[in-house]
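Down below is the structure, laid out as structure tokens.
Read the figures in this text as sums done on the coordinates, not as results from a lab. All figures in this text were calculated on a predicted structure; none of them were measured in a lab. Cβ sites come from the backbone with ideal geometry, for glycine too, and all protein chains shown count toward neighbours.
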Amino acid sequence: MARVEVTIPSVLNKNAGERKVSVEADTLKDVIDSLVKMMGNDFARRVLDSNGKPKALINIYINGKNSRFSGGLDARLNDNDSIVILPAVAGGNSSIKKGYG
């Protein structure tokens with residue numbers, strides 16, 4: 001198994017600040033399973049859909065590359081890989097008139 005470092009932002013950590021944890025895992029799915037065991041159902045609810053896959057607005061990066069394009073949950077991991085789990089940022093201002101943005 002590979003030892004990887006996972007960064008979890010405050011918004012996914014009950015707003016208790018950014019958290020970094022070291023996890024032993026062969027695949028990204030193993031990492032997610034370990035995090036759910038560590039952080040509980042609140043983390044699972046924020047990150048995973050009803051099928052146990054990352055929600056559409058959750059991005060998971062392995063060494064800076066989006067995991068959706070490098071094997072998804074089946075992505076194989078190596079020692080010292082860096083995993084970052086981030087919610088997508090969206091927003092806007094509905095008061096901006098068309099043509100003025």
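Brief remarks follow.
- Label-zone membership for the stretch 6-28, site K53, 7 angstrom Cα→C-beta point, backbone N under 16 Å: 28
- Using C-alpha pairs under 8 Å with a sequence gap of at least 6, the mean separation divided by the residue count of the chain gives a relative contact order of 34 percent.
- Rg(Cα) / (2.2 N^0.38 Å) computed for the chain, rounded to two decimals: 1.21
- Fraction of antiparallel bridges per DSSP, the stretch 2-87 only, in percent to nearest 5: 85 percent
- Cβ-based exposure ranking for L48, L57, L28, in which fewest neighbours within 10 Å come first: L57, L48, L28
- Placing unit charges on the Cβ atoms only, positive for Lys and Arg and negative for Asp and Glu, gives the stretch 1-94 a dipole magnitude near 300 debye about its Cα centre.
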